[in-house]
Amino acid sequence: EEPTFLTPEHPVLTTTLQRGTGGNYWKMNWTPPEWTLAGELNPNHILLYPIIRETCDVEYISLSELLDLQVNEKGEAHFHPQTATSRSIPDKIVIDGDFMRLAGYFLAEGCITPRGVNFYFGPKDQDYVEDVLAIMEKHFNYTPRVKKENSVYRVESYAGILRDLFEKLFGKYSYQKSVPHWFMFLPIEKQTELIKGFWRGDGGTKKQGFVLVTNSPKLVTQFKMILLRLGVIPQILKQSKESLNKTVHLYEGREISFKHDRYQLMMGGQWLERASEIIGVEHPLLTARTRTHQHAWIKDEFAYLPIAKLGREDYEGEVFNIAVSEHNSYVTAGVTVHNCDGFFFRGKPVVIVGGGDTAMEEALFLTRFASKVTVIHRRDGFRASKIMQERVLNHEKIEVLWNTEVREIHGSKETGVTGVTIFNNQTNEESLFPCEGVFIAIGHKPNTELFKDWLELNEVGYIQTDGHTTKTKIEGVFASGDAQDHYYRQAVTAAGTGCMAAIDAERFLAEHGEARRQTATNW
């Protein structure tokens, strides 16, 4: 994959692997994950990349809602006004494995035309052509034309609605193709068919494994995340358009040049057996090889990725400090990183307020920068895990103030933080404690105060749902995201539950008729 560039002080989530010796060689011991500064990484570090585990199924989509179309008495979507040649398509399109495979065909070898959608296949792909015809007939009640020119099959669909649908979902040009965000959370059985269809259209079988080829960088990232969900860590190779154009390429006497970079996702090595299951084709190497080496791992909902290469480069220009509020981490192209604001406090005394694992982790991390870290806790003992407590209490740069509360933070925009007023709740003594940074790690309070008189809230203020759906105690009211999730509190899980709430709301409206649909719209 393309290299990830980070400033030396940017923290990266890492672990290390210690193998056994002799007869216990395969007994591997993983060190607990920790945040390591990019400048302190070494070849023994293994990076942790999160795998999306949230699943949110979508049973069907509505063409009338997606494309703003009219629906006739037969339940068919159509343009308004209709012309003599315009075509009606069933409004509800089922999102099943067949549809996902058709999406894969289009992402690989499909194109948008002024009149509709075309699919292209090679001379040995007659079965795939028949598959496309069957899916189009089943889902859209439409039979495309098939033409063969020289060695290429062209499946032609002349329907403006299909043109708009495929462009809306997947994009028009090959270099900008992608899948809708909700595809990322579909059940893995459906995602398997997506990958299978794409491989049939724009994949291949190489000596060492299966390969998927595209020139869309966004699709590469999406496929990478989907393949991780399916149990495969792909190897990603980027070929720049400059390197591709060093060789002259001819097609029927015409010189062909590349205008975009090309990406290859290789599925091989220890993942070859799983890749064969996904593609539905047994790779010849599976019966020929006697062993394979493990160079990466999938465990604990992470991909464990060894560092291929470390290097430093001089850079001149803007550096963006991408940080978000509170205690958060986020994902870049190939690694998981943490808020990078700690280096602003290099050589300065700082204060951490809290007593849980978050406070312990924050305190340990800040010892890399601060001259001294003081943890202020209102009780006489931490609620953090035992191992985290031991690390903090035994660290030479960390001091703990027990039974103490922060009453006020002092400073200004010009001076920054200069200190805090602390209160000992055992002696009732108040004093000024000097410091140059304050980090609050005492949990989160959801912004749900305006709902307290109508909806049921739990003991910490989050909206209560029934546990299996996003339904609240009030019929027709659904809750999702950070207002409802008190455990994960991540952007990806908020998006997943948002999708669930949308489906719950849609089903509710379908069950209770058009009158309520209109009322909800007006509201």
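With the simple spin-label model, which puts each label point 7 Å out from Cα in the Cβ direction, the residue 42 to residue 429 separation comes to 4.5 nm. Other residues within the sphere of radius under 11 Å centred on the Cβ of residue 377, judged by their own Cβ, net out at +1 (K and R +1, D and E -1). Peptide packing: for 426-438, 215-227, the average count of neighbouring Cβ atoms within 10 Å per residue gives the ranking 215-227, 426-438, highest mean first. I need the calculated FRET efficiency for the pair residue 64 and residue 318, taking r as the beta carbon distance and R₀ as 41 Å, to the nearest 0.05. Taking R0 as 41 Å, the efficiency between residue 64 and residue 318 is 0.35.
With the convex hull drawn around the C-alpha atoms of the range 57-113, the volume per residue stands at 111 Å³. Length gained on full extension, residue 74 to residue 371, computed as 0.36 nm times the residue gap minus the Cα-Cα distance: 99.6 nm. Ranked by the mean number of other Cβ atoms within 10 Å per residue, highest first, peptides 454-462, 396-404, 307-315 order as 396-404, 454-462, 307-315.
Pairs of Cα atoms in the chain fall into 10 Å distance bins, from 0 up to the last occupied one, in shares of 3, 14, 21, 22, 19, 13, 6, 2, 0, 0 percent.
Lys and Arg at +1, Asp and Glu at -1: add these up for the other residues within a Cβ distance under 15 Å of residue 284 and post the number. Surrounding charge for residue 284 is +1. Comparing 191, 175, 211 along the charge dipole axis of the range 155-270, the residue lying farthest to the positive side is 211, per the Cβ-charge model.
Give the relative contact order (percent, whole number) for the range 161-317; include only Cα pairs under 8 Å separated by 6+ residues.
It comes to 21 percent, rounded to a whole number.
Each principal axis of the Cα atoms in the range 127-266 has its own extent, and those three values, largest first, are 46, 42, 29 angstrom. The accessible surface of the range 386-435, taken with every protein chain in place and a 1.4 Å probe, is 47 percent carbon and sulfur. Site pair residue 440 and residue 415 shows an inter-label distance of 2.1 nm when each label is modelled 7 Å from Cα along Cα→Cβ.
Over the range 240-291, with every protein chain in place, what whole percent of the accessible area is carbon and sulfur at 1.4 Å, could you tell me? Present the calculation step by step, with values, prior to reporting the outcome.
Details: 1740 of 3490 Å².
After summing per-atom areas, the C and S share lands at 50 percent.
Summarising the label geometry, the points placed 7 Å from Cα in the beta-carbon direction at residue 205 and residue 395 lie 5.4 nm from one another.
I need the calculated FRET efficiency for the pair residue 288 and residue 188, taking r as the beta carbon distance and R₀ as 35 Å, to the nearest 0.05. That pair, residue 288 with residue 188, gives E of 0.80.
At a probe radius of 1.4 angstrom, the accessible area of the chain per residue rounds to 56 square angstrom. The length gained by stretching the chain between residue 256 and residue 299 to full extension, at 0.36 nm per residue less their Cα-Cα distance, is 11.1 nm.
The DSSP beta bridges internal to the chain are antiparallel in roughly 85% of cases. Centre-to-centre separation between the Cα atoms of the range 153-229 and those of the range 423-462: 47 Å. Based on the Cβ-Cβ distance from residue 28 to residue 249, what FRET efficiency comes out when R0 is 60 Å, to the nearest 0.05? After rounding, the FRET efficiency stands at 0.85. Taking other residues whose beta carbon is less than 14 angstrom from the beta carbon of residue 387, and scoring Lys, Arg as +1 and Asp, Glu as -1, yields -1. What length, rounded to one decimal in nm, is gained on full extension from residue 486 through to residue 115, with 0.36 nm per residue of separation minus their alpha-carbon distance? Result: 128.6 nm gained on full extension.
Listed peptides 361-368, 89-96 appear in the order 361-368, 89-96 once ranked by packing, highest mean of other Cβ atoms within 10 Å at the front. Taking all protein chains in place and a 1.4 Å probe, what share, in percent, of the accessible surface of the range 59-174 do carbon and sulfur account for? So the carbon and sulfur contribution to the accessible surface is 46 percent.
The values are calculated or read from the model by the stated rules, or taken from the named source; none is laboratory data. This is a predicted model, so every value here is computed, not measured. In this analysis, Cβ positions are derived from the backbone assuming ideal geometry, glycine residues included, and neighbour counts consider all displayed protein chains. What goes into the accessible areas is simple: the full protein's heavy atoms, side chains included, and nothing from ligands, DNA or RNA. Shrake-Rupley method; radii C 1.70, N 1.55, O 1.52, S 1.80 Å.
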